[in-house]
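See structure below.
The values are calculated or read from the model by the stated rules, or taken from the named source; none is laboratory data. If you're wondering where the values come from, they're calculated on a predicted model, not measured in any experiment. When we count neighbours, we look across all protein chains shown, and the Cβ atoms used for this are built from the backbone with ideal geometry, even at glycine.
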Amino acid sequence: MSNLKQILINKKICKSVWFMRQAGRYLPEFREIRSQNENFINLCLNSELSSKITLQPIERFNLDSAIIFSDILMIPYALNQKVEFLKNHGPKLETFNLKNFLKNDDLMFTKKLKPVYKAIEITRKKLNKEKSLISFIGAPWTLLVYMIGAKLNKNEINLDIINKKKDEIDLILEKLINYLCLHIENQIRAGADVVQIFDSWAGLIPQEDLNNFCYSPNFKIVEFCKKKSIPVICFPRGIKENYKDFNDIVKPDGINIDYNVDPKWASENLKDTVIQGGLDPKILLLADEEIFNKARKYLDAFTGLPYVFNLGHGMLPETNPDKVKKLIKFYRGY
Ligand code: 1CP
């Protein structure tokens, strides 16, 4: 059993490190491949290349887990909503159409994502048995924000759209939960052994809607994973002190804290779960000693508890891979 799984399932206290967005943007070997593959969705659908990119950070840093190279927006793609990644702009989705959305079915969905599952199969064969292969999904709310075009900029959403379409949104979330559970099952069947749920825009949900849009959908997916004995890590980014309610209600095996959550507070308030991450990815842009000092703060706060070393959000594109290497060395020796 991989060490990540042992920590999540048996609450074993041992070292385990991987980084969100470890495969991609900041690695020169990724950029090389990316420069020859202009269409990002097609790159995610190229099983051989996707597997190769997944393994790049493992080869470079000998991390304990690999996360499959794909994207949360492969779900709207598989549900026949056109997705494009524009240079220096981010993702652009075709206008949402409920009728078209409801025409989808499980068989078509699985068929469109076959190359992702194939990439997992290829990667699992090449990856050392002691290492986890992490699969992931975007949480229903976070996907919805992209799908209905509610995202205004980095920190704001169009609440008018949300308020005007509440009934429709409940239906979309319900359907998404089913497809996401299917996607998890397919990924596990292909050889992944852990799943992480990215609720990247949970912090934008008004307090009174948290239950409906965040806790409840995450809970349903976690319940599904538990029924299938699939270890699951949740990442409800940006919900501040609501992390405690989230953890008490959703009860995932692991919870990734973001960099605004104080590690000491987390160690005292997030009970019966394995904590992962927290370190601000911006720290990796600083001098070595400053990086180590910040890392120490997390490692000290979680002494005697099962803890997975990771970041409080994805690695930044401007990160120098040598700094990553030094941080891993510091962690292994601490
Ligand atoms: O242009 C490029 O080269 C593409 C950059 C890129 C990469 C490398 C995107 C576009 N997605 C990815 C891969 C990716 N995305 C992984 C691969 C495995 C890894 O290395 O970790 C993962 C896990 C994701 C997850 C993802 N995609 C999230 C959740 C995590 C987070 O960062 O909050 C989100 C929100 C996305 C959407 C997305 N994908 C890409 C962009 C530019 C965006 C939009 C981000 C935004 O709206 O700000």
(message) Just to be sure before I move on: is residue 152 of a type outside the set (D, E, K, R), in a helix (DSSP H, G or I) and within 16 Å of the ligand (Cβ to nearest atom) in the structure I sent?
(response) no
(request) Go through (1) under 21 Å from residue 195 (Cα atoms); (2) among the aliphatic types (A, V, I, L, M); (3) more than 16 Å from the ligand (Cβ to nearest atom) one by one and return the number of the condition residue 279 breaks. (result) (3)
(request) For the range 1-13, name all the residues that are over 22 Å from the mean Cα position of the chain (by Cα) and either within 16 Å of the ligand (Cβ to nearest atom) or within 21 Å of residue 311 (Cβ to Cβ) (or both). (result) 13
(request) Would you confirm whether any residue within the range 196-205 is of a type in the set (Val, Ile, Thr), within 15 Å of the ligand (Cβ to nearest atom), surrounded by fewer than 24 Cβ atoms within 10 Å (Cβ to Cβ) and modelled with pLDDT of 95 or more? (result) no
(message) Criterion first (surrounded by fewer than 14 Cβ atoms within 10 Å (Cβ to Cβ), modelled with pLDDT under 95 and more than 14 Å from the ligand (Cβ to nearest atom)) does residue 106 satisfy it?
(response) no
(request) Working only within the range 18-46, note down all residues that are in contact with a strand residue (DSSP E or B) (Cβ under 9 Å, 6 or more places away or on another chain) and surrounded by fewer than 20 Cβ atoms within 10 Å (Cβ to Cβ). (result) 21, 39, 40, 41
(request) Starting from residues that are in a helix (DSSP H, G or I) and more than 11 Å from the ligand (Cβ to nearest atom), keep the ones in the range 59-91 and report whichever is surrounded by the most Cβ atoms within 10 Å (Cβ to Cβ). (result) 78
(message) Where the second residue is away from the ligand (no atom under 16 Å from the Cβ) and aliphatic (A, V, I, L, M) and the first is over 12 Å from residue 265 (Cα atoms) and lies in the range 235-247, which pairs have Cβ atoms under 6 Å and are six or more apart or on separate chains?
(response) 247/270
(request) Can you tell me which residue among 317, 252 is part of a loop (DSSP other than H, G, I, E, B) and touching a strand residue (DSSP E or B) at 6+ places or on another chain (Cβ under 6 Å)? (result) 252
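Residues are listed down the side, and each one gets a yes or a no for (1) under 20 Å from the mean Cα position of the chain (by Cα); (2) among the aromatic types (Phe, Trp, Tyr); (3) within 14 Å of the ligand (Cβ to nearest atom); (4) in a helix (DSSP H, G or I):
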{"site": "19", "(1), (2), (3), (4)": "yes, yes, yes, no"}
{"site": "23", "(1), (2), (3), (4)": "yes, no, yes, no"}
{"site": "50", "(1), (2), (3), (4)": "yes, no, yes, yes"}
{"site": "54", "(1), (2), (3), (4)": "yes, no, yes, yes"}
(message) Looking at the range 136-143, can you tell me whether even one residue there is assigned to a loop (DSSP other than H, G, I, E, B), buried (at least 22 other Cβ atoms within 10 Å of the Cβ) and within 16 Å of the ligand (Cβ to nearest atom)?
(response) yes
(request) Output the number of residues of the range 224-254 satisfying the condition of being within 20 Å of the chain's Cα centre (by Cα) and closer than 19 Å to residue 192 by Cβ. (result) 14
(request) Tally the residues that are within 16 Å of the ligand (Cβ to nearest atom) and either at positive phi or outside any helix (DSSP H, G or I) (or both), restricting the search to the range 206-248. (result) 8
